Ligand SMILES: C[S@@+](CC[C@H](N)C(=O)[O-])C[C@H]1O[C@@H](n2cnc3c(N)ncnc32)[C@H](O)[C@@H]1O
């Protein structure tokens, strides 16, 4: 059971039923924002350019008032705000910390925005950032819905589950999303201000989310969840905390090591974890070994997807700007020096980041860590679920090869074969043949003619794999299948199954 439950029952939470009524009445939702602003002005909002948004919002009635108040942070006449937020009373909203006075005017003291992550509009309360107005972020700043939050939302499996743990919930965005596919959601954070906001976010959406204060997994020690999601403070740097939302206080990639190393203990049998993480690339060391060394030796199937690698200078500059610092300022330069010194001292020549998926299994830990640095549009969440199904099948084959030999396979309908030819002295010369997956992570595999022939023979009602390779051996002039030929064929098929280009029927 939770050690410290922080259902504060704050004034802000108490305000939420009326606030919800106001937002619903005015139609403050993701679709209406796009409709009222139009695609171009909506894009300006994303680029932190308030003027085009303000010009459009001025003629958009009460919805325009809420856009100016809550998204731009404008100070507005009290009467306009009272009308747009009715039945919320302005004095109660000020006492609750949602609004504040600015002379004769009223402005938002919090960020409140709609988000549709696939299950309809949800409203997310967080601290105001500096996207529309210059401000310095405090150590306790509670992040709103940022790029990382959105990328984890899209990368989280959403098949129905019993229980979900959201580690480091911040404003509660992952927890609120989880409530659309889980029966019960628990969210933790070390920052009481985050829990204050997450509680209100839950109430605003009419959701019942268990909130527990504490560091890392300590507040839920001994408990088990069907799914764990985490967008932890994984920023890689010297061991210090300037902003709780991004700094763990652990040196380099210590936060990712801790979360990846301990998450499996929280998983119920067959449970899944979906997390963002970062790892340093150290001169002379393979990043895959580093991540692999963080996993327990037993009980985990891990899929680690590296989305990008930043060089140290780019990384430091990006995070300085993220915290509202100008890399040209002397103070920011001193910080950049310290940060880059810490990287140099640890031989860091790059910072990799991406998604880490874990599945609780019986047996020794397995890991596939791979680059997925090319572009793709489909959300990765469902792919992760499928990855683990395919991985379970491959484990069964590793225990008993006969399963593969007696199985029939089909080429996935989204798989295409591409032959690339280049001009040579004797005309076009084929150089390479590739299989492409046209959906999900859009994997590509180079293949040889033998594999192309093998795939051509795959049918749901056709021959099992062993009979197919017997025919292939004959076609290639041999009257029997050698052990080496069989092993090569199985390795190729396993690789294609792992990436979903081919599947057992
Ligand atoms: C990057 S923010 C993620 C917020 C939110 N889950 C999201 O996806 O946008 C990381 C969160 O972890 C919290 N955090 C920092 N250190 C922590 C710790 N030691 N234990 C638990 N949470 C922590 C921060 O307060 C912050 O809310």
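The values are calculated or read from the model by the stated rules, or taken from the named source; none is laboratory data. Computed from a prediction, not measured in an experiment: that's the story for all the values here. Please note: Cβ atoms are built from the backbone with ideal geometry, for glycine as well, and neighbour counts cover all protein chains shown.
Points to keep in mind about this one:
- If you go through the stretch 452-487 and keep only what is part of a helix (DSSP H, G or I) and free of Cβ contacts under 8 Å to residues at least 12 places away in the same chain, you end up with 456, 467, 470, 474, 483, 484, 487.
- Single residue of the stretch 142-157 satisfying the filter (part of a loop (DSSP other than H, G, I, E, B) and near the ligand (Cβ under 9 Å from one of its atoms)) that is surrounded by the most Cβ atoms within 10 Å (Cβ to Cβ): 142
- Residues being surrounded by fewer than 17 Cβ atoms within 10 Å (Cβ to Cβ) and not in a strand (DSSP E or B) - total across the stretch 341-384: 13
- Residue in the stretch 181-195 that is within 11 Å of the ligand (Cβ to nearest atom), touching a helix residue (DSSP H, G or I) at 6+ places or on another chain (Cβ under 6 Å), within 20 Å of residue 153 (Cβ to Cβ) and in a helix (DSSP H, G or I) present: no
- From the options 199, 213, residue that is in the same structural domain as residue 343 (by TED's automatic domain parsing), within 12 Å of the ligand (Cβ to nearest atom), farther than 25 Å from residue 320 by Cβ and in contact (Cβ under 8 Å) with a residue 12 or more places away in the chain: 213
- Residues of the stretch 84-109 classified as buried (at least 22 other Cβ atoms within 10 Å of the Cβ) and part of a loop (DSSP other than H, G, I, E, B), total: 2
- Hits in the stretch 48-83 - residues which are in a loop (DSSP other than H, G, I, E, B), within 15 Å of residue 105 (Cα to Cα) and touching a residue at least 40 places away in the same chain (Cβ under 8 Å): 73
- Looking across 272, 297, one residue alone is in contact (Cβ under 8 Å) with a residue 12 or more places away in the chain and either touching a helix residue (DSSP H, G or I) at 6+ places or on another chain (Cβ under 8 Å) or within 16 Å of the ligand (Cβ to nearest atom) (or both). It is 272.
- Residue match in the stretch 89-111 (condition: assigned by TED's automatic domain parsing to the domain that holds residue 53, within 16 Å of the ligand (Cβ to nearest atom) and more than 30 Å from residue 378 (Cβ to Cβ)): yes
- In the stretch 220-258, residue farthest from the ligand (Cβ to nearest atom) [restricted to those that are in a helix (DSSP H, G or I) and surrounded by fewer than 24 Cβ atoms within 10 Å (Cβ to Cβ)]: 257
- Against the criterion of being in contact with a strand residue (DSSP E or B) (Cβ under 7 Å, 6 or more places away or on another chain) and within 25 Å of residue 190 (Cα to Cα), residue 298 does not qualify.
- Candidates 446, 480 - the one that is closer than 30 Å to residue 307 by Cα and surrounded by fewer than 18 Cβ atoms within 10 Å (Cβ to Cβ): 446
- For the stretch 167-180, the criterion of a residue being more than 8 Å from the ligand (Cβ to nearest atom), assigned to a loop (DSSP other than H, G, I, E, B), under 21 Å from the mean Cα position of the chain (by Cα) and touching a residue at least 60 places away in the same chain (Cβ under 8 Å) is satisfied by at least one position.
- Residue 121 fulfils the conditions (1) under 22 Å from residue 232 (Cβ atoms); (2) away from the ligand (no atom under 11 Å from the Cβ) except for a single criterion, (1).
- Residue in the stretch 122-137 that is farther than 20 Å from residue 30 by Cβ and surrounded by 20 or more Cβ atoms within 10 Å (Cβ to Cβ) present: yes
- Only residues that are in contact with a helix residue (DSSP H, G or I) (Cβ under 6 Å, 6 or more places away or on another chain) and closer than 18 Å to residue 232 by Cα were counted across the stretch 276-294, and they come to 5.
- Residue check, residue 306 crowded, with 21+ Cβ neighbours inside 10 Å, under 18 Å from the mean Cα position of the chain (by Cα) and within 16 Å of the ligand (Cβ to nearest atom): no
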